[in-house]
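The values are calculated or read from the model by the stated rules, or taken from the named source; none is laboratory data. Just so you know, these numbers come straight off a predicted model, no measurement behind them. All Cβ positions, glycine included, derive from the backbone under ideal geometry; neighbour counts span all protein chains shown. Ligands, DNA and RNA are excluded from the accessible area calculation, which covers all protein heavy atoms including side chains. Shrake-Rupley method; radii C 1.70, N 1.55, O 1.52, S 1.80 Å.
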Amino acid sequence: GDSWGMLACLCTVLWQLPAVPALNRTGDPGPGPSIQKTYDLTRYLEHQLRSLAGTYLNYLGPPFNEPDFNPPRLGVETLPKATVNLEVWRSLNDKLRLTQNYEAYSHLLCYLRGLNRQAATAELRRSLAHFCTSLQGLLGSIAGVMAALGYPLPQPLPGTEPTWAPGPAHSDFLQKMDDFWLLKELQTWLWRSAKDFNRLKKKMQPPATAVTLHLEARGF
Amino acid sequence: MFTLQTWIVQALFIFLTTESIGELIVPCAHIHPESSVVQLGSNFTAVCVLKEKCMNDYHVTANEIFWKTGRVTVPYEQYAVINRTASSVTFPNITLINALLTCNIRMFGQINRSVYGIRIISGLPPEKPKNLSCIVNEGKKMMCQWDPGRETHLETNYTLKSEWATEKFDDCKAKRDTPTSCTVDYPPVYFVNIEVWVEAENALGKVASDHINFDPIDKVKLNPPHILSVNSSKELSSILKLTWTDSRFKSFITLKYDIQYRTKDASTWNQVPPEDTSSTRSSFTVQDLKPFTEYVFRIRCMKEDGKGYWSDWSEEASGITYEDRPSKAPSFWYKIEPSHAHGTRSVQLKWKTLPPFEANGKILDYEVTLTKWKSHSQNYTVKDTKLTVNLTNDRYVATLTARNLVGKSDASVLTIPAWDFQATHPVTNLKAFPKDNVLWVEWTAPDESVNRYILEWCVLSDKLPCIPEWQQEDGTVHRTYLRGNLVEKKCYLITVTPVYDDGPGSPEHIKAYLKQAAPSKGPTVRTKKVGKNEAVLEWDHLPIDAQNGFIRNYTIFYRTVIGNEIAVNVDSSHTEYTLSSLTSDTLYMVRMAAYTDEGGKDGPEFTFTTPKFAQGEIEAIVVPVCLAFLLTTLLGVLFCFNKRDLIKKHIWPNVPDPSKSHIAQWSPHTPPRHFNSKDQMYPDGNFTDVSVVEIEANDKKPFPDDLKSLDLFKKEKVNTEGHSSGIGGSSCMSSSRPSISSSDENESAQNTSSTVQYSTVVHSGYRHQVPSVQVFSRSESTQPLLDSEERPEDLQLVDNVDGSDGILPRQRYFKQNCSQHETSPDISHFERSQQVSSVNEEDFVRLKQQQISDHISQPYGSGKMKMFQEVPAVDAFGPGIEGQVERFETVGMEAAVDEGMPKSYLPQTVRRGGYMPQ
């Protein structure tokens, strides 16, 4: 009921009070730094992916390593799509955005690990493993932000991981195509995440917004 | 290792004990605990339990157990027998130990046997690691280090643990040789916080450090930037633009920079203000640099928020700023060289190259302008730093500018005065002194306003000419140092010339050393004069090349061979010194040292000997002695001369004149007193005028005393003889024959004088030799000579007699000597015979040893002929073979001794018969 809702709201506010910088500057700095860090991490991963993708596409060979190679998106429907209508993106709230990010990276990480298993050279495997670790870090970072903002973590989608299996149906070319799209989709998601977290960061920067955020969160 | 050792030992014991009882594997006893690591300072107890079988076999119980650590038996106080089979040992407060503890039994009361052993190791549990810190070098994996705390003495493992909130990372086990650090296996994931701690574990415990949580990006140490270029600007000579490439991190973190620069030769760095480089960038323009100067740059970077570490410095890169016009006019001076042409001067203008910081670029050339008073100017463009021009004797003004790519310097102006210009206003109180390894020059400015000063200096040397170096100082400067490569131990002649508007002032000079040293050689001392008690030493000043400093004083060391050395200090201006109070006739060794402020140097040693006598001392002794002797002699002679009467009285006492005796007067038979001198042989008054020659033929014994006196006498008379001998012919008359002469003059003289002097002619020949020269003795008789004109006739007579007789050597002798006179025709034989007879008569008288007065007077009266005839007889009495001389010499002695008569007279040979013995 309303009374329970009011009580919960009050409790939440009271619980969050120490987090308000105006009240306690020396305590938990709130989600701000972690959002900034997550943003920086997306930038860093972007940077990291650029060199990894270059290496990997060269490994795949032409035409995948050609700059203007832009194949149609075939057979990779299971990959989370980062591209979204601007209006739709704007309409998303923070929780939804964070949840989508989290879910997308969870999937992508899963696919990437598969990619790593197939990689031919040790150097490439090392790079992919490192990137996986970093992506794992990003996931943790998003989870941290969500936790800081009080959002529950989305439940892992059952069957997501097992679905990615290099089936014999795939031809070698199609397999490479999948790899290509995986890297491309990763890149797109990192761009999008950077935007998301930049937006969130800007939103979080004024200290007073902490309370507002929670009120908004309550409302959500 | 220890474990292995322990097992070997145990195996050995087991083998030993089991073998002895014929069984395998089963040990005789065991210790609890099996092996032990004991904490330092704690108590430790071990229990040895014997097996029943052993106890039975060896008949031992726990009482027979004793413990050993190594080879040392543990004291029994530490044992405790628990029961029949077990015995324990306790070590209280255990120290640092790593030893074998053995359980032993004593079998049959005397055989000791080890039955089991364990190793005890003591140590400490690990301390909680402190100061855990991590660093991520760009491109490398994370490395963490910590402070492990105290030494555990045990094998301790350190494990670095790291985890994310959602994930654990692999442990990082520190290596044995680096137990204080570990580098993780995984690449860092930036922007995700990581939790790191370290766990330390050993046999005594396990402890973890505090956990640290950080983002690896905050622990990163970036790679240093790489400087791409250092570019100068043509527009601004004071800037350089630095460009570099950064770490890849600049795309996702903000960087800040640290830029340092210095000139190429400098050692300290200048810092670009940090606030100017606090954000990510790839270039920077450094300002306020000097023109045409090479600068060296370096750069480093780190995360902008200051978290993490500064990168290493980049490699250095250098660049040169662009040129600017020379900032200062060159130093400018001149030298007038002697010129042959009349009315002109050869002037060498000279200048210094500008130092780089004033040249501001590469000097292309110099422009010299010479302006004669109220006349056109001449321009010269010179690449060198000197210009020689011929000028008239007028006043000139010279200007000099240096030119580089950008522009010209200000002009140096120098007035070359007319040839008859009198320089004035020198600087005063000119001083030069070394300090901090350079030679400082200090002066007091003249009252006039000085444009600048010119300092010139050169090395003073005997070998090399003075080649001056020079430098210019501003008119406000009163102290500077010589900017040249000065050398120690060289004498520098420094000249300071003030320069006024109308020309140079009078120069002032001073000598100085950069650093003095002891002279390289000592002065060579020598004697100038050596006296009995003093010596004048002299030396030359040291050559300037050997001085090595200002000679402050000399020291003269002198000593005898045995004596102590004496040192005398002498002022350096002297070149001569007199050593006094020396000992005569002594060898002295003298050397000399010259001293500068820094020390002295001995010269070679010089030896000299003082003479025994001073100069003139011998003369001073000898001359007075000689003079004294001479004076004494003279006085003696004078005395003798004055007192000759007295002496005569002593030597030749007066013989009374018989003619004046009373008897003579009294006797009625006294012959008439006056004879005609020519006709009367023996005039009355001349009775005593008789020379008596006593010839002693028999007795040859000489009487030295009388002989001597005779010789002396002879000598004295020698000189006068010749003079008194009258004409040459008359000398022949001085025969040994005594002669009696009488004359009127004799008679008259007889009256006036009571004494009669005589003259003796001695024919001196030695032994059988015939004297070649007649020796005459002559008295200073006052008695008038007998009439000598007639005497040659007497000789003539003798000659004749000789010739007639032909037997008398004496006569022959006379004949020889007088042969030249034999021909004298004008002398009557008669007179001659008269004289000879008188002599002979006298001889006769003497031989008969009769009283002279009595006997001689008689023959006179009796007759001359008789006496004359007796002459040969007289001669016959003589030995004849003996030399005449001897006979004559002995004559006087015979008279004195044989007759016992006083020295009333000496026998005389009468010369010419004109003298009479007395």
Failed item, numbered, when A:LEU183 is tested on (1) surrounded by fewer than 14 Cβ atoms within 10 Å (Cβ to Cβ); (2) modelled with pLDDT of 80 or more; (3) not acidic (Asp, Glu): (1)
From the list B:ASP210, B:ASP215, which residue is touching a Lys or Arg at 6+ places or on another chain (Cβ under 9 Å) and in contact (Cβ under 8 Å) with a residue 60 or more places away in the chain? B:ASP210
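So which residues in region B:64-98 are closer than 20 Å to B:GLY123 by Cα and open to solvent by less than 20 Å² (accessible area, probe 1.4 Å)? I'd like the intermediate steps shown before the answer.
We begin by selecting, within region B:64-98, every residue closer than 20 Å to B:GLY123 by Cα; these are B:69-70, B:89-98.
Once the filter is applied, which keeps residues that are closer than 20 Å to B:GLY123 by Cα and open to solvent by less than 20 Å² (accessible area, probe 1.4 Å), region B:64-98 yields B:VAL89, B:ILE94.
Residue by residue, here is whether (1) within 15 Å of the chain's Cα centre (by Cα); (2) surrounded by 21 or more Cβ atoms within 10 Å (Cβ to Cβ); (3) outside any helix (DSSP H, G or I) holds:
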| site | (1), (2), (3) |
| --- | --- |
| A:TRP89 | yes, no, no |
| A:LEU96 | yes, no, no |
| A:GLU103 | yes, no, no |
| A:LEU124 | no, no, no |
| A:SER134 | yes, yes, no |
| A:LEU138 | yes, yes, no |
| A:PRO154 | yes, no, yes |
Where residues in region B:546-570 are more than 15 Å from the chain's Cα centre (by Cα) and farther than 28 Å from B:PRO611 by Cα, which of them is least open to solvent (accessible area, probe 1.4 Å)? B:GLY549
Any chance region B:616-627 includes a residue that's in contact with a Lys or Arg (Cβ under 8 Å, 6 or more places away or on another chain), over 30 Å from B:LYS490 (Cβ atoms) and open to solvent by 40 Å² or more (accessible area, probe 1.4 Å)? yes
Unmet criterion (only one of (1) open to solvent by 70 Å² or more (accessible area, probe 1.4 Å); (2) not in a strand (DSSP E or B)) for B:LYS511: (2)
Please enumerate the residues belonging to region B:149-184 that are among the polar types (S, T, N, Q) and either open to solvent by 40 Å² or more (accessible area, probe 1.4 Å) or closer than 14 Å to B:ALA208 by Cα (or both). B:THR156, B:ASN157, B:THR159, B:SER162, B:THR166, B:THR178, B:THR180, B:THR183
Take A:LEU135 and tell me if it is modelled with pLDDT of 85 or more, away from chain B (no Cβ under 14 Å) and touching a helix residue (DSSP H, G or I) at 6+ places or on another chain (Cβ under 6 Å). no
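B:ASP215 - would you say it is of a type in the set (Asp, Glu) and open to solvent by 10 Å² or more (accessible area, probe 1.4 Å)?
Details: of a type in the set (Asp, Glu): yes; open to solvent by 10 Å² or more (accessible area, probe 1.4 Å): no.
No: the conditions fail for B:ASP215.
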Among the candidates B:LYS256, B:LYS234, B:LYS241, which residue alone is part of a strand (DSSP E or B), open to solvent by 70 Å² or more (accessible area, probe 1.4 Å), more than 14 Å from chain A (Cβ to nearest Cβ) and of a type in the set (Lys, Arg)? B:LYS241
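If we only count strands (runs of 3 or more DSSP E) wholly inside region B:161-208, which ones have 1 or more residues that are within 14 Å of chain A (Cβ to nearest Cβ)? If you could, list the steps in order and put the result at the bottom.
Working: elements: B:181-183, B:194-202, B:205-208.
Filter on region B:161-208 gives B:194-202.
Just checking, does region B:125-135 include any residue being within 14 Å of chain A (Cβ to nearest Cβ) and either surrounded by fewer than 14 Cβ atoms within 10 Å (Cβ to Cβ) or under 30 Å from A:LEU138 (Cβ atoms) (or both)?
Taking region B:125-135 first, the residues within 14 Å of chain A (Cβ to nearest Cβ) are none.
For region B:125-135, residues within 14 Å of chain A (Cβ to nearest Cβ) and either surrounded by fewer than 14 Cβ atoms within 10 Å (Cβ to Cβ) or under 30 Å from A:LEU138 (Cβ atoms) (or both): absent.
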